[in-house]
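Presented below is the structure to which this report refers.
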Ligand SMILES: Cc1cc2nc3c(=O)[nH]c(=O)nc-3n(C[C@H](O)[C@H](O)[C@H](O)COP(=O)(O)OP(=O)(O)OC[C@H]3O[C@@H](n4cnc5c(N)ncnc54)[C@H](O)[C@@H]3O)c2cc1C
């Protein structure tokens with residue numbers, strides 16, 4: 001790395017350039033999930049910093065990672081020997097049009113911060129479940145959270161985004177301006193540039209009813225079937241997940257159903273949730289009214305040297321046969337956490353081709369996490385793959401934000417052929433040299449040659 005050029009960059013940005021040896025380097029070089037060793041990290045304080053950092057990456061042919069909250073399951077937010085453009089300081093949350101509940105949120109804000117900032121206004125944004133996850137990464141992949149059945153994916157509430165493209169232009173993408181880019185940003189990941197801010201419609205939410213309902217492990221099959229049948233026709237106010245933990249050689253843990261009723265009326269909430277309390281022998285239930293910001297939780301700490309392998313797919317129908325197969329194989333594998341997230345409702349009402357997130361007509365997302373030592377792939381990977389082969393007849397597609405591996409097969413699962421072809425054309429227009437390739441990467445389509 002040319003030190004004169006790095007000094008020039010350092011002096012030119014209003015933020016900071018962090019280099020190996022600097023006190024902040026070690027902390028900033030790692031993502032939440034994956035460690036890294038970049039040559040430099042640019043902490044951008046404004047859009048102009050982002051432009052300069054992109055220019056620097058281009059001029060020096062550096063591997064370029066973009067980071068908002070740093071929670072990429074695939075490790076895209078860091079690299080070895082390249083540059084990280086870190087936008088975490090672009091974290092403002094500002095109501096720009098109170099009449100429309102329109103909120104401008106910096107891409108580097110964390111969802112927990114955004115949720116807290118909106119509590120005094122009785123507003124909330126359909127987002128995710130974790131406080132520290134970044135607005136940038138979650139939004140660009142889709143965003144599946146606690147109000148997804150009522151208010152849709154995070155992207156379904158997006159009105160516009162500000163993007164710095166590979167050639168340094170600052171573009172606004174919305175239904176009216178750069179509409180192709182706007183379509184692609186909603187599910188297409190970080191392929192098209194660095195997003196600095198989003199304009200999002202927040203929803204009037206005072207309190208939600210949220211909590212965990214617990215059933216014994218011995219009843220997990222019947223309870224899960226009851227849950228799936230109930231969720232198929234449940235009120236869209238109800239979003240719910242089921243968590244099945246492995247035993248790790250001990251007694252099988254109970255089945256945890258987490259519910260969020262997106263409304264503050266206690267009687268209506270009790271009425272809607274009652275069927276979930278009679279699915280088996282109820283062990284416990286802790287559903288209570290809470291502010292939306294209170295239901296987002298910090299992530300669990302990972303044991304040092306351990307790496308979660310994350311893989312997801314969607315079940316168009318969460319059938320009893322599927323539940324039999326998955327529960328049987330969870331017990332056989334005994335090192336996989338399985339989470340069912342209910343979808344349908346508002347997610348289904350958006351057409352599959354309206355955004356780059358095409359998996360609309362499905363009942364649940366199935367997310368799985370296998371924990372093991374970072375270098376334990378030889379033993380774990382084949383078993384994980386075998387587990388997923390058993391689920392293949394019941395599942396289709398994948399959610400880009402819940403994938404550790406992003407090979408061609410996975411990218412094809414995330415983006416069906418028509419979506420991919422359209423994304424590829426947009427990529428060819430906005431990032432023809434594929435500068436932004438640390439993401440679920442779309443290869444740019446060749447651009448038509450202008451005839452003089
Ligand atoms: C503990 C945990 C809980 C999670 N819970 C949920 C959940 O409830 N719902 C859900 O939908 N997902 C969830 N996820 C997945 C999450 O959405 C993805 O990991 C997402 O990529 C994280 O966003 P980030 O900004 O924190 O990550 P980063 O690592 O900063 O970003 C991930 C990638 O997104 C792209 N990107 C990020 N910001 C920008 C930007 N400003 N401009 C351009 N490209 C950008 C880049 O390619 C970047 O490498 C969770 C992940 C974890 C680890």
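Tabulated data
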quantity	calculated
Residue within region 182-193 that is out of contact with any helix residue (DSSP H, G or I) (no Cβ under 9 Å at 6 or more places or on another chain) and closer than 22 Å to residue 351 by Cβ present	yes
Entirely in region 1-104, the strands (runs of 3 or more DSSP E) that have 2 or more residues that are buried (at least 20 other Cβ atoms within 10 Å of the Cβ) and in contact with a strand residue (DSSP E or B) (Cβ under 6 Å, 6 or more places away or on another chain)	16-18, 40-43, 64-67, 83-86
Contacts under 8 angstrom Cβ, first residue in region 142-158 being more than 17 Å from residue 110 (Cα to Cα), partner in a strand (DSSP E or B) and within 9 Å of the ligand (Cβ to nearest atom), 6 or more apart	148/341
Hits in region 183-197 - residues which are within 14 Å of the ligand (Cβ to nearest atom) and outside any strand (DSSP E or B)	184, 185, 186, 187, 188, 189, 190, 191, 192, 193
Residues satisfying the stated conditions in region 130-143, i.e. touching a helix residue (DSSP H, G or I) at 6+ places or on another chain (Cβ under 8 Å) and within 9 Å of the ligand (Cβ to nearest atom)	130, 132, 133, 134, 135, 137, 138, 139, 140, 141, 142, 143
Test: residue in region 192-206 that is over 27 Å from the mean Cα position of the chain (by Cα) and surrounded by 17 or more Cβ atoms within 10 Å (Cβ to Cβ)	no
Subset of region 156-181 (residues that are within 14 Å of the ligand (Cβ to nearest atom) and not in a strand (DSSP E or B))	156, 157, 165, 166, 181
Residue count for region 113-129, restricted to those that are touching a helix residue (DSSP H, G or I) at 6+ places or on another chain (Cβ under 7 Å) and either without any contact (Cβ under 8 Å) to a residue 12 or more places away in the chain or within 16 Å of the ligand (Cβ to nearest atom) (or both)	7
Members of region 300-333 that are at pLDDT 95 or above, part of a loop (DSSP other than H, G, I, E, B) and either surrounded by fewer than 18 Cβ atoms within 10 Å (Cβ to Cβ) or within 16 Å of the ligand (Cβ to nearest atom) (or both)	316, 317, 319
Test: residue in region 347-355 that is touching a helix residue (DSSP H, G or I) at 6+ places or on another chain (Cβ under 8 Å), buried (at least 20 other Cβ atoms within 10 Å of the Cβ) and under 18 Å from residue 440 (Cβ atoms)	yes
Total residues in region 396-452, condition in a helix (DSSP H, G or I), loosely packed, with under 14 Cβ neighbours inside 10 Å and in contact (Cβ under 8 Å) with a residue 60 or more places away in the chain	1
Qualifying residues in region 279-299 (those that are assigned to a loop (DSSP other than H, G, I, E, B) and crowded, with 16+ Cβ neighbours inside 10 Å) - the one nearest to the chain's Cα centre (by Cα)	296
Which listed residue is closer than 21 Å to residue 406 by Cα and more than 15 Å from the ligand (Cβ to nearest atom), from 4, 37	37
Residue within region 227-243 that is modelled with pLDDT of 95 or more, assigned to a strand (DSSP E or B) and surrounded by fewer than 21 Cβ atoms within 10 Å (Cβ to Cβ) present	yes
Check on residue 179, surrounded by 19 or more Cβ atoms within 10 Å (Cβ to Cβ) and modelled with pLDDT of 95 or more	no
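The values are calculated or read from the model by the stated rules, or taken from the named source; none is laboratory data. If you're wondering where the values come from, they're calculated on a predicted model, not measured in any experiment. Glycine also receives a Cβ, built like all others from the backbone with ideal geometry; neighbour counts cover every protein chain displayed.
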